[in-house]
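Here is the structure we will look at, set down as structure tokens.
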Amino acid sequence: MIRKIILNYKFNEKAYLYKTIVNFLLKNEKFFPIIKSYDTILPVPISRKRRRERGYNQSELIAREIAKSLGIDYTKECLFKIKNIVEQSKLNKEERQANIQGVYELRKPEELKDKKLLLVDDIYTTGSTVNECCKILSQAQPKKIGVLTIAKD
């Protein structure tokens, strides 16, 4: 059921489903204290082209709502996707790792230095995307980087 909701949310113009996903997460008693331990929440960015096509960044909506609900800082101004690439969902593990190299850029690293960062992505498949994002974020010298994904495929 969760898989169906996420695929509808991501690919079928159902942006409003982010509230359902966030409400589900916030009702989880184990989830709440873990998330509250982070200083800043940020989403995995998508390219401008993909944002224009979809109309929204699905990870951004979830990350922003979690941050707002829990009173945690939120930013989308530090990690950027600077290249359009073939969608990761269309590739195998090896292709995904090669495809994602050099795609993200860090800006304003001083805003992330010594912070506990929580990176939010929608679906974890091989880890290529979040691993690359974490590699780039580590250049800012945060205290810690955690990853929250909504589902594992």
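Please treat every number below as a calculation from the coordinates, not as lab data. Please read all numbers here as calculations on a predicted model, not as lab measurements. Neighbour counts are summed over all protein chains in view; Cβ atoms, including those assigned to glycine, are modelled from backbone coordinates with ideal geometry.
Label-to-label distance, E13 versus K90, with points set 7 angstrom from Cα along the beta-carbon direction: 2.1 nm.
Greater than 18 Å separation of Cα atoms is the criterion. Which listed pairs, K108/K135; K30/K135; K81/K108; K14/K76; K93/K152; K93/K144, meet it? The answer is K30/K135; K14/K76; K93/K144. Each residue in K143, K152 was given a count of other beta-carbon atoms within 10 angstrom of its own, and listing them fewest first yields K152, K143. In a simple Cβ point-charge model (Lys, Arg +1; Asp, Glu -1; nothing else charged), the chain has a dipole of about 240 debye relative to its Cα centre. For the stretch 2-152, the residue among T125, L7, L79 whose Cα projects farthest onto the positive side of the dipole built from Cβ charges is L7. With θ taken as phi - 60° and the Karplus curve 6.51 cos²θ - 1.76 cosθ + 1.60 applied, the whole-hertz 3J(HN,Hα) list for the stretch 45-56 is x, 10, 6, 4, 4, 5, 5, 5, 5, 7, x, 6 Hz, x standing for glycine and proline.
FRET efficiency for E53 and F31, Cβ-Cβ distance as r, R0 = 41 Å, nearest 0.05? Don't skip to the end; give the middle numbers.
On the way: r = 31 Å, r/R0 = 0.75.
E between E53 and F31, to the nearest 0.05, is 0.85.
With a ≥ b ≥ c the root eigenvalues of the C-alpha gyration tensor of the stretch 24-85, is it rounded (a/c under 1.5), prolate (a/b larger than b/c) or oblate? Cα axes put the stretch 24-85 in the prolate bin.
Amide H contacts of G146 (H built 1.01 Å from N, in plane; Pro and chain starts excluded): L117, L118, L119 sit under 5 Å, all sequence-distant by 5 or more or on other chains. Exposed loop sites here are GluC sites (Glu not before Pro) assigned a DSSP state other than H, G, I, E or B and surrounded by at most 14 other beta carbons within 10 Å; excluding them, the longest clear run of the chain is 88-153. Extending 7 Å from Cα along the Cβ direction at K4 and again at K108 yields two label points whose distance is 4.0 nm.
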